[in-house]
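Reviewing the structure listed below.
No value in this document is a laboratory result; all are computed from the given coordinates. Keep in mind the model is a prediction, meaning the values are calculated, not measured. Virtual Cβ from ideal backbone geometry, glycine too; neighbours counted across all protein chains shown.
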Amino acid sequence: MRYWGFDGRPHGRSSFLPAGPEIYLNPAMAHRFPARVIAVRVTPLGQDRLQCMNSITRVLAVAVFTTVVPVTLSAPTHAAGVGEVCFHTEPGYGGASWCYRPWGYADLPEYVHDKARSFESNSDVVVYAIDHAPGGRCYYRKIWAGDRDPNWTWGGRIDGVSTDSQGCEVS
């Protein structure tokens, strides 16, 4: 297998590798070809295939990936991981979700704030769903370790979650 320069001529050292892997331009030689990097893939039949990727194309691909992916993944739905308590915006653990990993207090993000319709706890500690009511009062509801509710009516009140009652009254 050879490393190829952008002019199509073999460049750098050769190595004999099993057929199939893609080998990119030797990094030690990459400074000689800043505009393009060419990869060679040897198929099981021994046919060479050249691939070109302009460095500008790579930069644009990274820019698109880093801006589009966070937008599309901003409100993922997933089951509670080990040690987490997850709140879902739809009954039956559907819709957007947000997961809390104990310890301390955390405000729920806007898309789940007062909109949780189901929850599941894989935490090994009791956590408290906190409701900050008008007039400075607050209430809590205990969420026990391993607790879950596919149709949680109290979720329309939840503002935060904590590992202690935050001085609130039981609801």
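General remarks:
- Rounded if a/c under 1.5, otherwise prolate or oblate - the range 85-170, Cα gyration tensor axes: oblate
- In terms of packing, defined here as the mean over residues of other Cβ atoms within 10 angstrom, the peptides 135-142, 93-100, 109-116 line up highest first as 93-100, 109-116, 135-142.
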